[in-house]
1. Evaluate the range 180-197: report whether one residue or more is in a loop (DSSP other than H, G, I, E, B), hydrophobic (A, V, I, L, M, F, W, C) and either modelled with pLDDT of 90 or more or open to solvent by 40 Å² or more (accessible area, probe 1.4 Å) (or both).
2. Looking at (1) at pLDDT below 75; (2) crowded, with 16+ Cβ neighbours inside 10 Å; (3) among the charged types (D, E, K, R), find the lone condition where Arg350 falls short.
3. Among the listed residues Ile835, Ile869, which satisfies the condition of being touching a helix residue (DSSP H, G or I) at 6+ places or on another chain (Cβ under 7 Å) and within 30 Å of Ala674 (Cβ to Cβ)?
4. Check off (1) of a type in the set (Val, Ile, Thr); (2) touching a helix residue (DSSP H, G or I) at 6+ places or on another chain (Cβ under 9 Å); (3) closer than 19 Å to Leu118 by Cβ for Thr135 and give me the number that stays unchecked.
5. Just to be sure I understand the filter: pairs with C-beta atoms under 9 Å, separated by 6 or more residues or on different chains, first member in the range 256-276 and outside any strand (DSSP E or B), second member surrounded by fewer than 18 Cβ atoms within 10 Å (Cβ to Cβ) and among the charged types (D, E, K, R). Which pairs pass?
6. Under 6 Å between Cβ atoms, at least 6 apart or on separate chains: pull out the pairs that start in the range 923-951 with a residue that is more than 22 Å from Cys961 (Cβ to Cβ) and end on any residue that is of a type in the set (Val, Ile, Thr) and in a helix (DSSP H, G or I).
7. Of the conditions (1) at pLDDT below 90; (2) open to solvent by less than 10 Å² (accessible area, probe 1.4 Å); (3) hydroxyl-bearing (Ser, Thr, Tyr), Tyr137 fails just one. Which one is it?
8. What's the number of the only condition in (1) surrounded by fewer than 19 Cβ atoms within 10 Å (Cβ to Cβ); (2) touching a strand residue (DSSP E or B) at 6+ places or on another chain (Cβ under 6 Å) that Val32 fails to meet?
Amino acid sequence: MNPPATLCVLWMAVLWIPPIEGGISRSLTNTVCQRRDSGCTCTTDSSGGLSVSCKSQGESEFPLDLPSQATTITLSGYQVYNITRSDFLGATMLQELNIINCKIQVIGGWALDHLYQLQTINLERNKLSAVDKNTFYHMIRLKKINLSLNNIRFIDGDAFYSLHNLAELNLRDNPLQCNCEMQRFKEWSFIRRQQVALLDARCANKNNLSLFDVKDFGSCTSPTLFHKHNCYICSGTLSHNDCQDQLCSTNEACFSQINYVNNKVYIYKGCTVDTDCANREKQNVNSCYNTDGSRSCYFCCLDNKCNGKSLGRRTKEVHFYIPITMPELTYPYLSQNYNNTVFGTLNIMRYNILTNFLESNCSFAADDVTVQHSGPPEFTIYFKAICTTLREYKKTDIQYVLEKFLKSIPSLSALKILKVDIYYTGYCEAENTTNYPRQGVWPATKYGEVAQLYCADNILVRRMCSETEGWAPPPLCSVTQPPITTTLAPTTTTASLEELSTRTVDDNSADEIAEQLYLQTERAPEFTDRDINMTVSLLEKLESLQSTYTADNREKNIVGVMSHIMNVRETEFSLAEKKFQSASRLLGSIQKLSSSTSLSKGDFKQVESNIGIIAASTSRANYNGIVLASLAHPSSELDETNLVLIKDGTIPAQSASWIHLPRQLMSELPSSSAPARVTLAAFKNDKMFRAIRSTSKPDDDDDDDEIILRSESNSVILSAQIPNVKVDNLDTPIEMRFQQNIKVKNEITDSSTAENATCGYFIEVGPNKGHWSSEGCKVEVHKPGEYTECQCDHLTNFALLMDVYSVGGDLSEANKMALTYLSYLGCGISLLGLILTLITYFMFRKLRSHNPAKILINLCIAIAATDLIFLAGQQEYTLKNEIGCKIVAASLHFFLLSAMCWMLVEAYYMYIALIRVFNSHISLFILKSVAVGWGIPLLIVAITLGVNTTDNYGNQKGGICWLNPIPFYAAFLAPVAIIMIINFIVFAMVLRQLLGAATKNLNKTDSTKTSSRLRGAVTLVIMLGLTWVFAILAIDGGAPVFQYLFTIFNSLQGLFIFVFHCLLKTDAQKAWKRACCAGDKDKDSKTSKGYSSNGQDNMSKSTASFSDINTDVKHREKSANGISSKSRAKDFPSYSGSSI
């Protein structure tokens, strides 16, 4: 868990988040298969699929971490009332689902229709009482259904009509009531008798007769499966709204065909016969649910007008509201010219969207683009556009493309476009005005925004749109108020508050002002946004006085004011945050009071009805753990008796909610820190946090329009911090428990419970920017409607070295774990390979006698040091030590730059050896190379250390000692990028030599030449460090695949060097053989003839793998006028045998 501020603040709460993946986990390592206490076993079946079987001891919910890779899931013994859509959302590979003896009474509508691969479902020994047409809705692959031993009494006649591949239906031991719907069901089973085996369907109200033996089903108005009904009909329309209805024949069904071609949805509807339905809908298996390219879906149904927009649930409508602002018109409001401009703009926009907008996966019918309102500010036309798209496409993606397209249109109706704003969710609907002298329309407005219109001539009024309350009451239109031509500043509800805000705040007046402010804020529910701003400003002035922190009554009044502010209307709080950052500033004032108050008289504790603030003195020596506990239900007001502080780490048995800072906390803090206090706070609700969040940019929405991505606090909010000390990477996690407050109503059962809770902390990333996050937190125990217990921690990985924006910390837990293991394993293997390489070259003098080998040795030293620092330095003991962490970061910076610089030296040496022929001798080459390879990195690191007094290095997000983002760009990324560009150029030149015409003179077979060229190319990539391109691609949240490639290739670079320069090099092999076997020094000296200054005629065969390069060198040397290859060999001896 990594809060962004220098203070480690935990604004902890239980968040209620409507389920996105339900009980399905995408993790590879954090599922029931890894939890020992899960009661589940995971095996692989004969076809390679994952089979999960879970047995419960009476839990009231299914496991929340079933693996998404499962092909078979078996759940038994659970006490679950109903199956909802969210329970298995994300189980895209599921083929068999067994829910046995779980007391299931209800299967929610469309709860299973997203399981496109499901072929078998077993629901035996539950308590189902009915099956309707939405229970197994168009599950086209479903072949076998077992509903035996339930309490099923009623079945819709067309409940299984859409299952055209169904082969077996088991209804054994169910008390079926043979009514008119059962007569229709009987007809369906007769029509499908050649395909479906119906097992043991008996009518309890007909003496347990078999369904097929029952003749009398009562008086039925529509006794047959097919009956006269209306169906919608259209052909190739872009919207469901363009279809009309017509009467169909008795034996016909309604159909809806959805074709998706060239990013557009085309819709066909009408009537058809049953056999056509069966044949066409079976094709959905291959044509409807593929995720790429064109798609075609066909669905049938039997009810009146049943083929509406929801049939098949393959499409959805996204309602966009699009304000387009242009310069103010000179025409009078609502005049003929004004209206002509508005509707002219509408037609141009409609034409552009319908005709030219092809990239959005979205279709707009002509009547789906309309004008909702036009008027101030300036000249704004508010359009509504209804997009028809496939359900899997995200609204945010469509919104982005649509907005970009509209902004690219040069002009609308010959008027300059000043602004285009598109939003699709979180808005108040357009509403007509009433009782105003001048009638108008409140335009559709986003949550947190203020709408305005003229209620009379020159009288502009405004109205707030809130997420929780919708439209605020319409304001009065007072014709006596002065005309307003610009955005209104709100009036002040409390005149005396405005007077109070003009007084000078000093040590003499502070106590009186604090007391008066306390009295004024008792009217907080009436406050406007301006009142809130003045109140917070006065608090800041009071807190700017040092005397405040020793004045008990003043501090008490300040906390009381903070509590009163929590009673303001949420609409005004949101508006105050947007205009004045009042909520963010109030949060800062709370932190400042708790961290600054004097503790000379003992611990500070002040509790009011909405907030409690505590500061407790502590030190490393006398710290035994701290618990802040609330003893009351979350709905109760806070007071001194129900908010308690325990300084020995003991959790009160009667606690409703608590946060526990462990005994080991002090020992895990940075050694340079000197903690003197722990500050804590409790909030009754999250109104202040909602105000901050309401003005933040919303996150991407889910592709399913039924799922609302909105988190709400479901508990008290508890805060803990150690001022001026950053707390993270704890071995012993912070523990917390929250009693739940909000009850979420279940539409099916009419019961209430809080579902899918998680613990989270509030991240304030700047004014008007904040959100709840659960990153690094995991739920340990969750009892719906009762309480939730959580812990928080996090991991690190090697790929964070190139993680400029710290997005590596946002990887999934599975990816973090995998990258961590790969990093340590790869670096360990690499270090071993480098050590063996260095031993080889230091043992045999002839192997290291020439420049390429000396370059290789220095490169190996740099990479080995990097691996060693990562393995030994990036550990908890350095992460917790500020000085140690900086040393590790600076050392890692130096050796990584050194490795890159030696790769640059390698590239330059290749260039002068293989590309340049004339004037290529360089005196003191190795000495100059040392200056580049070690000197330049030393200079860069020294400057980095000196520029900001070593603060450019430190503990980064994700838990790694490394450079901060800005110095990362200048001191690491820029040099690496330059080196990479140069090395790529050299790589291209040398590769051209490898594949060039000069190699055609070699006496080799084609296959040998191909092998040697390939090996040479691979070696070039390794030696020049070109695999670092994956690191560049991994920056800014690049695809995880690049982080994996970067981690694998670069952590194993030492292994690759060992393989190519020791294992596959004949000179090294012979040297070891002679050293181990013969020990003949004369023979040993011959092992390096490929390196001798005159060895071009006696080159060792060990250079075969790179002889394409060497031959090219010889060929070019011989062609040089007046320069013998022998004399050149003194500088560049047989390059192919050394370093590539």
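The values are calculated or read from the model by the stated rules, or taken from the named source; none is laboratory data. Nothing here was measured: the structure is a model prediction, and the numbers come from that model. Because the Cβ atoms are built from the backbone with ideal geometry, glycine has one as well, and the counts that use them run over all protein chains shown. The protein model used for the area step is the full one, side chains on, heavy atoms only, and it has no ligands, DNA or RNA in it. Shrake-Rupley method; radii C 1.70, N 1.55, O 1.52, S 1.80 Å.
1. Yes, the range 180-197 contains a residue that is in a loop (DSSP other than H, G, I, E, B), hydrophobic (A, V, I, L, M, F, W, C) and either modelled with pLDDT of 90 or more or open to solvent by 40 Å² or more (accessible area, probe 1.4 Å) (or both).
2. Unmet for Arg350, out of (1) at pLDDT below 75; (2) crowded, with 16+ Cβ neighbours inside 10 Å; (3) among the charged types (D, E, K, R): (1).
3. Ile869 is the lone residue from the list that is touching a helix residue (DSSP H, G or I) at 6+ places or on another chain (Cβ under 7 Å) and within 30 Å of Ala674 (Cβ to Cβ).
4. Tallying (1) of a type in the set (Val, Ile, Thr); (2) touching a helix residue (DSSP H, G or I) at 6+ places or on another chain (Cβ under 9 Å); (3) closer than 19 Å to Leu118 by Cβ, Thr135 fails exactly one: (2).
5. Here the result reads Asn263/Glu359, each pair linking the range 256-276 to a residue that is surrounded by fewer than 18 Cβ atoms within 10 Å (Cβ to Cβ) and among the charged types (D, E, K, R).
6. If the second residue must be of a type in the set (Val, Ile, Thr) and in a helix (DSSP H, G or I), the pairs left are Ser929/Val905; Val932/Val905; Gly933/Val905.
7. (2)
8. (1)
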